[in-house]
Amino acid sequence: MKAFTYERAGTPAAAAAAAARPGARMIAGGTNLLDLMKLQIETPTHLVDINRLGLDRIEPGENGGLRIGAMVRNSDLAADARIRRDYAVLSRALLAGASGQLRNKATTGGNLLQRTRCYYFYDTARPCNKRQPGSGCAALQGYNRMHAVLGASDQCIATHPSDMAVAMRVLDAQVETVMPSRTRRVIPIADFHRLPGNTPHIDTNLQPGEMITAVTLPPPLPGHHVYRKVRDRASYAFALVSVAAIVDASGGRIRSARMAFGGLAHKPWRVEAAEARLAGTVLDEATVNAASDTVLAGARGFGHNDFKLPLLRRTLQITIDEAARTA
Amino acid sequence: MKFETPLVGADEHGAGRLTRRAIFQSGALLVGAQAPLMAHAQATPAAAPVAAELPPQRMQVQLQINGQAHHLEVDTRTSLLDALRENLRMTGSKKGCDHGQCGACTVLIDSRRTNACLTLAVMHDGQSVTTIEGMAQGDTLHPLQQAFLQHDGFQCGYCTPGQICSAAGMLAEARLGMPSHVTRDLDSSNVALTDEEIRERMSGNLCRCSAYPNIVAAIRDASRERS
C-alpha cells in the first residue's frame, strides 16, 4: 500500500472539499477501497474519513418515502423494519450480497461506488482500460465468464458488482449529493452509473469531491418484491445474473411488473419497454419470454459468458412466475 | 535448505509470480523463504504509475481492546489486524487472505463483527475492540469456545478465532432479529437459528479443513445455551 495522509472530516461539505484535492479519496466502510489499495490499484495520497459524520439514519422522506443516510451500514438497512415491510426487494438484495462482516461495515453510499470485480481490473500485470486508460481490455479475448452482455464497449466489458444498486434501480431511488462548492443536487439512480463507452475508468457521474449524503426511496410500491440472484456458490459470491422485481398481480393477471438486472452490464440494467410488455397480461411463458427478448435487445456474449443470455431468460421466467403466484 | 524447483517461476500471467507447484514442493517455504519473497515483492512494483511518493505517515491512536486502553503510534496504512498482531503482539486474530474473503481476522468493533484486515487502525481511534483473547472470563471459557471444544469444531485451528468471534457477533445479530438471505419471513423479528441459517450467516468464515459440520453443531449448541 502506498503511503497516505489521513484526516477525519467534520462536515459533509468539508469532506467534499478535502476529497476534491488531487490524490484524495473519501473512505467510508473501506471494504472495497482498502482491498484495492493493498493491490495498488487505488493509490490515494490522502484519505478523508467520513465515518464520524453521522448520516447514519433512516428517516421519513418527502411524499411518504424514506431517506437513507449515506453512512447507514448495509446490515442495518437490510434489517430496518420499514425496509423489510415496504421495500423488501432492497432488504433481499442487500442480504444476498457479501458476508455478515462486510455488510456490517459497508455503507449505502459506498456500495453504489464499489468497483468492478473483473479479474483483469484486479491483475496489475494485465491491460485494463478501467485501471489504466489506453492499456487495452484483456477480458475481451480473455476469460470473461463474469462479464457484460449488454451496454459493453470495445474498451471495457466489466459488470457492476452491486446487488443493492439493482434494487435501488427497480425502486427508482434518488442519490442526494453535496459538492465541494456546498451546492447540493439529486441524481436519479438511472443516471448515476455510466456505461463504459470510451471512458471506462469513470464509473459514475459524480464530480470530483462530490459526496453522496443520502439515497431516497419513493413511497412504497404495491406488489410482491423479489430479488433472485444466480451465482456459483449458495452464499458469498457475486451474481452471474440477478433480477430485482416488483410484481403486482392477482389471479394470474399482472397489473404491473418492474424489473432490474444485475450481472449483465456496467450498471444496473432496466428496460421499461419490457415492463410494458408484461403490464395487463395474463401470466404465461410466452409473455415472459417476449419480455426477455426486449430486455436482451442488442445483447451479445463474448465467449465464456454466452450462457448469461439463456440464464437471464430462465431466471426472469421463474422470478416473475413466483412473484405473480405469491402476490 | 535446498529447493529442487525455482521458487519464483514465470507463467502466462506475467513473469515473476510464485507458482503453486513451487510452494507445494518446498515444504520449508513458510519458514525459510519469506525474506527472499518479500525482497522480490519490493523489487517489482505494481503497474500503477509511480507519482512522487509520500514518506510513511504516522499517527497516534487509542484503542480499547478487551477492556484495556492501548495507546499506540501507527503508520496510517496499518490495518486494525496488523495493529493487533504486529504492534500489540496479540496474535489470536489471524491473517488468512488479508482481503476480507476468509474471515480469519474477524473481531468485534463496538460489538459488531468486522474483518480487521479491511479497516485501518486510525479509523477506530477511541473505539472498543474485542478479540479472541477477550472472549473468556478468566479461566472460564466463553460458551462458544467451550462448544467448539466439545464438538471438535476445527482441525488445524487457524480459522477458529475468526469463527468464534464471528459466531459471537452473529448470535447477537440473530437476537436483535436481523434477517439473513435464507430467512423466509422478513416481517418476523424472531430468528430461528436452523442449520441453514447458521451456515448462511457464517458464510464469511472459511475453513480450509472443512470442519463446517462441527462448527455448525458447536454454534447451534451455544445458541441454545444462551437463549
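All of the numbers you see were taken from the coordinates with simple rules; none came from a lab. Quick caveat: nothing in here was measured; it's all calculated off a predicted structure. Every residue, glycine as well, gets a Cβ built from its backbone with ideal geometry; the counts of neighbours run over all protein chains shown.
Relative to its residue count, segment A:225-327 spans a Cα convex hull of 93 Å³ per residue.
For the pair B:Leu54 and A:Arg8, a Förster radius of 22 Å applied to the C-beta separation gives a FRET efficiency near 0.75, rounded to the nearest 0.05. In the structure shown, the pairs A:Lys308/B:Lys94; A:Lys105/A:Lys130; A:Lys2/B:Lys95; A:Lys267/B:Lys94 are assessed against 32 Å; a Cα-Cα span above that value is assigned to A:Lys308/B:Lys94; A:Lys267/B:Lys94.
How large is log10 I(q)/I(0) at q = 0.06, 0.07, 0.10 Å⁻¹ when the Debye formula is applied to the Cα atoms of chain A, each weighted equally and without solvent? Debye curve over Cα of chain A, log10 I(q)/I(0) at q = 0.06, 0.07, 0.10 Å⁻¹: -0.20, -0.27, -0.57. Pairwise alpha-carbon distances in the protein assembly as shown exceed 30 Å for 53% of all pairs. The calculated FRET efficiency for A:Leu195 paired with B:Asp139, based on their beta-carbon distance and R0 = 56 Å, is about 0.35. Shielding of peptide A:174-183 by partners, expressed as the average count of other chain Cβ atoms within 10 Å per residue Cβ, is 0. Neighbour counts of other Cβ atoms within 10 Å put A:Phe4, B:Phe148 in the fewest-to-most order A:Phe4, B:Phe148. Taking R0 as 56 Å, what FRET efficiency do you get between B:Arg89 and A:Asp321 from their Cβ-Cβ distance, rounded to the nearest 0.05? Rounded to the nearest 0.05, the efficiency is 0.45. For the protein assembly as shown, the 222 nm mean residue ellipticity estimated from helices alone, with every DSSP H stretch of n ≥ 4 adding -39500 (n - 2.57) and the total spread over all residues, rounds to -8000 deg cm²/dmol. Once the mean of 1/r is taken over each pair of separate Cα atoms and inverted, segment A:1-110 shows a Kirkwood hydrodynamic radius of 15.1 Å. If the Kirkwood radius is taken over C-alpha pairs of segment A:97-244, then at 37 °C and 0.692 mPa s the Stokes-Einstein diffusion coefficient equals 196 µm²/s.
Take each residue of peptide B:111-121, count the partner chain Cβ atoms within 10 Å of its Cβ, and average: the result is 6.
Eigenvalues of the alpha-carbon gyration tensor of segment A:167-311, scaled by 5 and square-rooted, set the equivalent ellipsoid semi-axes at 29, 21, 14 angstrom, largest first.
What Kirkwood Rh does segment B:94-227 have if only Cα atoms enter the pairwise 1/r average? Answer in Å.
Working: mean 1/r = 0.0660 Å⁻¹.
Kirkwood hydrodynamic radius for segment B:94-227: 15.1 Å.
Ordering B:Glu196, A:Glu275 by the number of other Cβ atoms within 10 Å of each residue's own Cβ, fewest first, gives B:Glu196, A:Glu275.
Would you mind giving the mean number of other chain beta-carbons within 10 Å of the Cβ of each residue in A:97-110, as a whole number?
That average works out to 6.
The modelled label-to-label distance between A:Ile202 and B:Ser111, using points 7 Å beyond Cα along the C-beta direction, is 4.5 nm.
Cα-based radius of gyration for segment B:89-159, normalised by 2.2 N^0.38 Å, reads 1.18. Footprinting exposure proxy ranking of A:Thr5, A:Thr326, fewest other C-beta atoms within 10 angstrom first, gives A:Thr326, A:Thr5.
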